[in-house]
Amino acid sequence: MGDHHHGPAKGLKRWLFATNHKDIGTMYLWFSFAMFILGGSFAMIIRAELFQPGMQLVDPAFFNQMTTMHGLVMVFGAIMPAFVGLANWMIPMMIGAPDMALPRMNNWSFWILPPAFLLLASTLFMEGGGPAFGWTFYAPLSTTYAPPSVTFFIFGVHILGLSSIMGSINIVATVWNLRAPGMTWMKMPLFVWTWFITAYLLIAVMPVLAGAVTMMLMDIHFGTSFFSAAGGGDPVLFQHVFWFFGHPEVYIIILPAFGVVSQIIPAFSRKPLFGYDSMVYATASIAFLSFIVWAHHMYTVGMPIAGELFFMYATMLIAVPTGVKVFNWITTMWRGAMTFETPMLFCIGFVVLFTIGGFTGLMLSIAPNDFQYHDSYFVVAHFHYVMVAGAVFSMTAAVYYWLPKWCGRMYNETMGKAHFWISFIGFNITFFPQHFVGLAGMPRRIPDYALQFTDFNMMSSIGAFIYGGSQILFLYNVIATIVAGKPVSDDKVWEGAEGLEWTVPTPAPFHTFSVPPQFKG
Amino acid sequence: MAGNDTAIYITVAKSATVVVAMFAFVFVVMVPLYDVLCEALGINGKTGGRYEAATIAVDESRKIKIQFIASNNDDMPWEFGPSVVSMEVHPGAVNSTVFLARNPMTDSMIAQAIPSVSPSRAAEYFHKTECFCFEQQPLDGGKTAEMPLQFIVDQDLPKDIGTITLSYTIFDVTDMLKKDAVASR
Amino acid sequence: MSSKAKWLKSLALGPVLAMLATAAGFAWADDSKVNQVNMPVGVTELGATIYDLHMLIFWICVVIGVLVFGVMFYSIWAHRKSRGVTPSQFHESTKVEIAWTVVPFFILLFMAVPATSTLIEIYDTSDADMDIVVTGYQWKWKYEYLQDDGQNVSYFSNLRTSQDEIYNAEAKGEHYLLEVDEAVVVPVNKKVRLLITANDVIHAWWVPELAVKKDAIPGFVNETWFKAEKEGIYRGQCAELCGKDHGFMPIVVRVVSEEEYSEWLGGKQKEAAEIAELMAQTFSLDELVARGEEVYNRNCLACHGAAGEGGVGTAIAASPIATGELDGHLDVGVNGVPGTAMQAFGGQLNDVDMAAVITFQRNAFGNNMGDMVQPVDVYNYKKGS
C-alpha cells in the first residue's frame, strides 16, 4: 500500500491543518500528557500542603482552587483526551478504515481544546481566583458564592464539551460506516467496542453537562433561579443534573480502559480473550446501569427512603457485569503462556488495583455505610484506585504496547519495568493510607487536618511525590524511544498480538488501509 | 469512500439529533420532572401550593404536634420568627397562626419565605390553605408585619408521625427583582 | 524524634504497617485516635449496627479478593512462558460464565438485606426526646434548642484553634482544629433529633462516633437523629466543601448526664437573661475593648487579619469605616455589606458583643477614636434604624 498521492505537509501546517487520524491522535496524546503533568503539579501542591498539619505553602482559598483544577484538568484535560487520541490512532487501524469518517471535524475537535484549557488555567490569575468549588461545582457555592471567573469556567466547559461531542460523533460515524468487509459487529476488537459504547455515552451526557452549566450561567447573569430556593429553585436539583452527567462520565473514563486491557492481556497470555461475547454484553450493561445510579453520589442530601433504596440496589448491581470482566481477564491468563513486558505489567497492575477500587465501590454502594464514608478520604482513595489505577495505568499500558507500531522503535524495557514498579509502589503508598484516614474521620477537600491524621498524610504525600516523579521516567523513555529507540522491523512487534493494526508495516505509514482489507477474524 | 458519504452523514445527523434532544431534555424534562417529584414525594420537605379546602371530618382522637422554626438566609437583616413555637392540632381541622417580621433597615425590602417540612414524608399531608409564602412580601423600612398562615393536616397522615416541623427560610429578593423583572422561573 | 527521621520512618515502614494493619482486621484501633485505621464503632446502637455492616461487607470483599487474586497469582506463577508451557486456546464456557454472573448476584442479595433494614432505622426520626436546629454558616455552626415554652436556647459554635497554631507560630494543641468555643451539649440515652439547614451554601454535619452525616441545604430542612449511649466528647467536621474555611468549622458534641444537661440548659437560659440585663448596663472603654478583642478573634480575625490588616475582608486598621461615623460602623457590623463576604452579624452576635467588638475595632490597630458603643446603643440602633 506504499504509493500515495501525498504525504504529510511540512512544518507547523502539518499540525495546524491536520486531518490525518494519526497526526490528530498524536496531538491528542501529547496534549493530554501535558495536561497530565499540569494536573499532576496541582496534585503535588495539594500533597505538599498536606505533608504536615498547619498551613505552610498556600492559603485555604488557593488550596481549594488547586483541588478543583486538579480534578477538572485530570478528568477533562488528561484522561478523556488521552483516550480520544488513542481512539484516533487505533480505531481506523483496527477496523481497516483509511481514516476517521470526518477528518476535518476531527481537526476542529482537537484544536478547540487547547484554547479551552488556556481559558480555564487563566482563571487562576483573575481577580477573586479561579474556580474553588470542587470539580463537581455544587450550587450555590458555584453560583451565588462563586468568584467572577466562574463565567470563564462555564465557557471553558462548554468548549470542551463541544470537543468531546464532535470527537464522539466522529467515532460513532467511523465505526458504523468504515469497517472493512468481513468485520462484523461481533468480530470487532474490544477496544473498538468499548469506545463505540463510550461514544454513545458521551453523546448522551455531554449535552446534560452543557445544560447544567447553562443553567448556572442563567442563574448568575440572567436572574433565573434554577438552583436558588429564593426564586423557587433548588440547589439539590443541580446535584441531580450534575450526577446524571457525572456518573456516566465515570464510565466514559473507565470503559476505554477496559478495552485496552482486553487487547493487551490476550496478547501477552498468547491466548484468545475469554468470553468475548460476555465482555461486550457486560460493557453494554455497565453503560446502561450508569444512567440509573447517579444519586448514589448524593445519599446524604436527604432523599426519600424509597429513592435511597432504589439507587442502592441499582448501584450494587453494577458489581455483576464488572465482576464478569475481571473474571474474564483472569481466565484469559489461565493456562496461557505469559510473559511480562511493560504493557502486561501495567495491565496486571490495573486488574489488581481496579479490583480493590471495585471492592471499595461496593462498600460505598451500601447507603447506610455511605453515611460514614461520604465526602471522606475513603472516597478519595476509592476513586483514585479506579481512575488512576484504572484509566491512567491502562493508558500507560496502551502507550507501551502500541508505541513500537507508531514510531517503529522499541522502548527501553528495563526503564519501562522500572517505571511500572515505581508507579505501582508510589501509587499504593499514596492512596492506600487514605482509606484509613477517611474511615477515621478525615473529610475530603480540607487544606489542614487534625493531628491524629499526620503520619498517614505524610506517607501519602511521599507516595505522591514518588508516583509523580515516576512520570518523568515515562516521558524520558517515550522521547528516547522516538528519537533513538532500537528500530523494529517486524509488523507484528509482539509475538501474541492479534488484529488488523499489526498487519500494516512498522512504523505505521502516514496512510493505511487506503484499500479496505478483507477481514477474516 | 465516496459511496459511504451519505451513510456517514446520516449517522452524524442522527447523533446530532441525540445531542440536541439531550440538551433540551435537561430543561424541558429534568427540571419540571424534578419539581413534580419533589411535590409528590416531599423531597426537601417541599409542600404543594395553595390547598383548596375540602370539607373533611376532623379526627378528634389524634393530636399532632406542629413545630415552627424560622431562619434567615445570608444577608437577610429582617427579624423573623413564629408567634408561637409549637401547637397541637387535630388532623382535618383548620388551624391558623402568624409569623412576625420586622424590617430594621431604612429602605423598603421584599422578602420571599421558602417552606420546608420535616419529616419530608409528612410534606404531602401538610396542606396550606393560606400562607405568606405564596407571595413575595414587601415591607417598608422600620415596619413590622404579621404574616398569616392557615393549614390543615391531612387525616391520612401516617400513624407513626407524631410531630411535624414546619420551617421557613426567609430570603431577601429585593435585588433579584430589581435586577431583572422578566425572568423568574 | 526529628521530623526528618519521622518521615524517613514512615517512608520505610508505612506500606508494610498499613498492609499488616489491614490484614489484622484493623487490630490497631484502640482508644487512641492517632493512626486509627478503621471507622469508629461509635457510641450509638445505630453506629454499632453500621460498623458491623461495614465489617461484614469488608470481609466479604476480602474473601472474594483472596480467591480472585489467588487464582490470578497462581496463574501468573504457573502459566508463564519461561516455564515452557504451551498456551491453551479455550475462550469460552457458558456454564462458568453463567455461574459467575449468578453467584455474585446472590451475594449481593445477601448484602442487601441488612443494608435495607439499617437504612430504615436511620430514617426513623419519630419519637425524639428533643430537637436541635443545626444551621451551617460560612464557616461556623449555629445550634438552636427548641423548647416548648418558647425559651429557645441558641448560640454559635466557632473554631477555637488560634491562627497562630494554624500558621505554625505556636505549638498545636491536642485537639488541633477539632475544638470549638461552645460545644453542642446533649443528655446521654436520649433520642436527639437534628433539623439541619444552612444559611448560605451547602454544608454537611458529620460526627463519626455518632454515625451521623447529613447535608445542610440553604432553604430546606433535613433531619436525622442519634442516641448517644456513653458520656464523653465526640468530634467531627463539616463534610461538604463550603468555601475557603471548609476545613475550619469543626463540630464538638458533649454527651453528659441528664442532670448535667439540665444544669447546662438552665445556665444557658440564665446567660440569655444576663445578656438582657447587661444590655441595660454601661461599660468602661477598657471593659469593652477587652471583651471586644475576644469577640474579634473569634468572628472577625479569619477575614480581617490578626492586626486588622485585612485579607478576604478589608483592612480594619485605618479603615474609613472604623475611623468614621459611629452609625456607619454599626451599619456594617449589624447588617453586613450585601454582595460581599461581610455578613450581617446583627443576628449572630448579641448586643453586648456587638458593642464590644465595634469599640475594640475603633480603638485598636492604631485606630485611636477614643469613642465607644454601649450595648443599649446597639439595641437602639437595631430597633430604630
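Here is how the numbers come out for the structure above:
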| quantity | calculated |
| --- | --- |
| Radius 14 Å from Cβ of A:Ala9, net charge of other residues (Lys, Arg +1; Asp, Glu -1) | +3 |
| Whole-Å semi-axes of the ellipsoid equivalent to segment C:71-126 (Cα gyration tensor, √5λ, descending) | 44, 15, 6 |
| Solution diffusion estimate, µm²/s, Stokes-Einstein, segment C:286-327, Kirkwood Rh from C-alpha pairs, 4 °C, viscosity 1.567 mPa s | 121 µm²/s |
| Whole-number percent relative contact order across chain A, with pairs defined as alpha carbons under 8 Å at least 6 apart | 18 percent |
| Stretchable slack from B:Thr6 to B:Asp175, in nm (0.36 nm times residue separation minus alpha-carbon distance) | 55.4 nm |
| Largest-first principal axis extents of the Cα set of segment C:187-245 (Å) | 34, 22, 14 |
| Rg/Rh for segment A:266-313, where both radii come from Cα atoms and Rh is the Kirkwood radius | 1.29 |
| Low-density loop positions, chymotrypsin sites (Phe, Trp or Tyr not before Pro), segment C:196-273 - DSSP coil, at most 10 other Cβ in 10 Å | none |
| As computed over the protein assembly as shown, the Cα convex hull volume per residue (Å³) | 181 Å³ |
| Largest to smallest principal axis extent of the C-alpha atoms in segment C:136-262, angstrom | 45, 33, 27 |
| Average partner coverage of B:106-118, which counts Cβ from other chains inside 10 Å | 4 |
| Order of A:Phe242, A:Phe371, A:Phe346 under a 10 Å beta carbon neighbour criterion, fewest first | A:Phe371, A:Phe242, A:Phe346 |
| Residues of segment C:320-354 with amide N under 20 Å of the 7 Å Cα→Cβ point at C:Leu285 | C:320-330, C:353-354 |
| Cα→Cβ-extended label distance, 7 Å offset, between C:Lys270 and B:Ser108, nm | 4.8 nm |
| Zero-based 10 Å bins, Cα pair distances in segment C:46-187, whole percents | 8, 18, 19, 18, 16, 12, 9, 2, 0 |
| Segments C:65-78, A:499-512, A:390-403 sorted - mean Cβ within 10 Å per residue, highest first | A:390-403, A:499-512, C:65-78 |
| Per-selection Kirkwood Rh - segment A:367-521 (Cα, Å, 1 d.p.) | 18.4 Å |
| Karplus 3J(HN,Hα) series, Hz, for segment A:174-185 with 6.51 cos²θ - 1.76 cosθ + 1.60 (x for Gly, Pro) | 5, 5, 5, 10, 10, 5, 5, x, x, 8, 7, 3 |
| Percent RCO, i.e. relative contact order, over segment C:112-201, from Cα pairs under 8 Å lying at least 6 residues apart | 36 percent |
| Against the rule of thumb 2.2 N^0.38 Å, how large the Cα Rg of chain A comes out | 0.95 |
| On Cα atoms only, tilt of C:45-78 relative to the major axis of chain C in degrees | 40 degrees |
| Average partner coverage of A:430-437, which counts Cβ from other chains inside 10 Å | 4 |
| Folded to 0 to 90 degrees: helix A:454-484 orientation relative to chain A principal axis, Cα | 30 degrees |
| Quotient of Cα Rg and 2.2 N^0.38 Å for chain C, N being how many residues it contains | 1.32 |
| Peptides ranked, highest mean first, by Cβ atoms within 10 Å: ranges B:61-71, C:165-175 | B:61-71, C:165-175 |
| Principal axis dimensions, segment A:477-521 - Cα atoms, whole angstrom, descending | 36, 25, 15 |
| Cα-projected label distance for C:Tyr167 with A:Gln56, points at 7 Å along beta-carbon direction, nm | 1.8 nm |
| Projected-area average for segment C:292-385 over all orientations - Cα convex hull basis, square nanometres | 5.2 nm² |
| Table column - 3J(HN,Hα) (Hz), segment A:81-95, Karplus curve with 6.51, -1.76, 1.60, x for Gly and Pro | x, 4, 6, 5, x, 5, 4, 4, 5, 8, 4, x, 6, 7, 9 |
| Percent RCO, i.e. relative contact order, over chain C, from Cα pairs under 8 Å lying at least 6 residues apart | 12 percent |
| Label point distance in nm, C:Val34-A:Met410, each placed 7 Å from Cα along Cα→Cβ | 5.3 nm |
| Nearest 10 degrees, 0 to 90: helix B:5-25 Cα axis against chain B principal axis | 10 degrees |
| Packing-based order for A:110-121, A:476-487, A:259-270, using average beta carbon neighbours within 10 Å, highest first | A:259-270, A:110-121, A:476-487 |
| FRET efficiency, 1/(1 + (r/R0)^6) with R0 41 Å, evaluated for A:Leu16 and A:Ser41 via beta carbons | 0.90 |
| Pair-distance profile P(r), taking every C-alpha pair of segment A:368-419, with 10 angstrom steps and integer % | 21, 32, 21, 15, 10, 1 |
| Antiparallel bridges, percent of DSSP beta bridges restricted to the protein assembly as shown (to nearest 5) | 75 percent |
| Total charge dipole magnitude, segment A:213-343, about the Cα centre, Cβ charges on Lys, Arg, Asp, Glu only, Debye to nearest 20 | 620 debye |
| Estimated dipole of chain A in Debye, rounded to 20 [Cβ of Lys and Arg +1, of Asp and Glu -1, Cα centre] | 1240 debye |
| 10 Å Cβ neighbours from other chains, averaged over peptide A:196-202 | 1 |
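Only the coordinates and a few stated rules stand behind these numbers; no lab work does. None of the values given here were measured: they were computed from a predicted structure. So basically every Cβ, Gly included, is an ideal-geometry build from the backbone, and we count neighbours across all protein chains shown.
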